[in-house]
Amino acid sequence: PVELRVNGELKGVKTLKIPAEGSVGELFEVTRPVPEVVEVRVAWEDDLEADDRAWQVVTRETSRILLAGPGDLFLRSAVAQVKDAEAFRVADVSKAALGDYQVAVIHGPVPDALPEGRYLVFGAVPKWEGVEIGAAVDRPVVVDWSRRHAVTRNLDLSETAIKSAPRLKLPGYATSLADAPETPLIFAWEKGRTRAVVVAFDPSESDWPWRLSFPLFVSNALEWLRWDEKAKPRPGEPLRVRLPEGQTKAEVSPPGGGSRTVEGPAGGEAVFGETERVGVYAVKTSAGTTGMALNLFDPHESRGAVAPEIRLGKERVARAGAVAAPATPYWRWFAGGVLLLLIAEWLVYHRRWEL
């Protein structure tokens, strides 16, 4: 039996056959109430209770996207078409509070030091560690682009006319998404808590904005920047709480009850490390109360069977066919015999004394 609960209220029960080390999908239909916390529970007792329940916090927040720089008509239109997002414009990115936005779209020069965050950059290359910027390449030609990456998948970038682009040498943190023979033209960057897509050339000095691939690229890039599966916390890993501007503290309430206060820089992140329990952690800031769900989804942790073998360096230790019996505690029998001998000696001694 599998139960579905919405906001703590039981909404449905279905009986499913789930194969060992496998999974099945099932559809539950819910109309009211509007889901805020959805829980799925396997109503079956087993050896590990922590993975019998899972939670999903339903968020209906609109992403705040900053568009910094001149932002020509085509770029503004492409950003405006992104679903579940609200765009804000500013002429100078250095005057914006980047912590207030989920993604910053920067058209033109970027500050020398960008804080950790999510960025879509056009016409400039941030001065990140390992990025080497050389002389400009005139009229580079797109000869190849990634067909697998989520940002450039299903795009056609061939025959795109570009006025110029800087010659780049990228470190291992970067993944080239579109290349000319002389240099990468578009690359993705992932290091620490920074994720970015950088277009090294200025789209306004090319015919790319006139092509269908441009708004599709902007939509794909913003979707990839907003969604990060690896960012979902897991039990035992610290929770990172985003603090509003002007606030340095937040209150976290774990599933077991109680509350803890965490601190961090205003507009930055605070870290909460007591995440041993699965469930929903309530985070309270001046912006309101939100939930963060921690679920045990690791199949290796859920597997209760004994491994067929383990590796110790270059050696392999195979599983034994039977469990060896524990060693017999002979010392207990010896101690018992000594105790009986002492009792007998004590009785004989007192008997002789009475005679």
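The values are calculated or read from the model by the stated rules, or taken from the named source; none is laboratory data. Quantities reported herein were computed from a predicted structural model and do not represent experimental measurements. Every residue, glycine among them, receives a Cβ derived from its backbone with ideal geometry; neighbour counts consider all protein chains shown. SASA here: full protein model, heavy atoms, side chains in, ligands and nucleic acids out. Shrake-Rupley method; radii C 1.70, N 1.55, O 1.52, S 1.80 Å.
Return the total of residues in segment 119-155 being more than 25 Å from Val103 (Cα to Cα) and part of a strand (DSSP E or B).
Qualifying residue count, segment 119-155: 6.
Restricting to segment 60-79, give me the number of residues that are surrounded by fewer than 13 Cβ atoms within 10 Å (Cβ to Cβ) and outside any loop (DSSP other than H, G, I, E, B).
Of the residues in that region, 1 qualify.
Scan segment 243-259 for residues that are small (Gly, Ala, Ser) and part of a loop (DSSP other than H, G, I, E, B) and jot them down.
Passing the criteria: Gly246, Gly256, Gly257, Gly258, Ser259.
Can you give me the number of residues within segment 1-15 that are assigned to a loop (DSSP other than H, G, I, E, B) and either loosely packed, with under 11 Cβ neighbours inside 10 Å or at pLDDT 90 or above (or both)?
Number satisfying all stated conditions: 3.
What is the one condition in (1) outside any loop (DSSP other than H, G, I, E, B); (2) closer than 18 Å to Glu3 by Cβ; (3) not small (Gly, Ala, Ser) that Glu45 does not satisfy?
Going through (1) outside any loop (DSSP other than H, G, I, E, B); (2) closer than 18 Å to Glu3 by Cβ; (3) not small (Gly, Ala, Ser) one by one, Glu45 breaks only (1).
Would you mind stating whether Ala87 is touching a strand residue (DSSP E or B) at 6+ places or on another chain (Cβ under 7 Å), modelled with pLDDT of 85 or more, in a strand (DSSP E or B) and open to solvent by less than 80 Å² (accessible area, probe 1.4 Å)?
no
Starting from segment 43-68, keep only residues that are without any contact (Cβ under 8 Å) to a residue 60 or more places away in the chain, then list their pairs with residues that are of a type in the set (A, V, I, L, M, F, W, C) and in a strand (DSSP E or B) whose Cβ atoms are within a distance under 6 Å, requiring at least 6 positions of separation or different chains.
Qualifying pairs under 6 Å: Asp52/Val42; Leu66/Phe88; Leu66/Ala104; Leu67/Ala87; Leu67/Val105; Ala68/Val90; Ala68/Ile106.
Any idea which of Val42, Val57, Val38 is closer than 19 Å to Gly288 by Cα, surrounded by 12 or more Cβ atoms within 10 Å (Cβ to Cβ) and at pLDDT 85 or above?
Val57
Between a residue in segment 321-348 that is closer than 30 Å to Ala307 by Cβ and assigned to a helix (DSSP H, G or I) and any residue that is at pLDDT below 70 and open to solvent by 80 Å² or more (accessible area, probe 1.4 Å), which pairs come within a Cβ distance under 7 Å, given they are 6 or more apart or on different chains?
Going by the 7 Å Cβ cut-off, there are no qualifying pairs.
Which count do you get for residues in segment 105-138 that are over 18 Å from Ile162 (Cα atoms) and either of a type outside the set (A, V, I, L, M) or buried (at least 20 other Cβ atoms within 10 Å of the Cβ) (or both)?
Counting residues in segment 105-138 that are over 18 Å from Ile162 (Cα atoms) and either of a type outside the set (A, V, I, L, M) or buried (at least 20 other Cβ atoms within 10 Å of the Cβ) (or both) gives 18.
Among the numbered conditions (1) touching a strand residue (DSSP E or B) at 6+ places or on another chain (Cβ under 8 Å); (2) in contact (Cβ under 8 Å) with a residue 60 or more places away in the chain, tell me where Ser219 comes up short.
(1)
Answer with yes or no whether Glu190 is among the acidic types (Asp, Glu), over 23 Å from Ala266 (Cα atoms), free of Cβ contacts under 8 Å to residues at least 40 places away in the same chain and in a loop (DSSP other than H, G, I, E, B).
no
Here's a check for you: in segment 192-220, which residue that is among the charged types (D, E, K, R) and within 15 Å of Ser158 (Cα to Cα) is least open to solvent (accessible area, probe 1.4 Å)?
For segment 192-220, the residue satisfying everything is Asp207.
Tell me which of these Ala293 doesn't satisfy, since it passes every other one: (1) under 22 Å from Trp55 (Cα atoms); (2) part of a loop (DSSP other than H, G, I, E, B); (3) modelled with pLDDT of 85 or more.
(2)
Of the residues in segment 222-235, how many are at pLDDT 85 or above and either in contact with a strand residue (DSSP E or B) (Cβ under 9 Å, 6 or more places away or on another chain) or among the hydroxyl-bearing types (Ser, Thr, Tyr) (or both)?
Going through segment 222-235 one residue at a time, the tally reaches 4.
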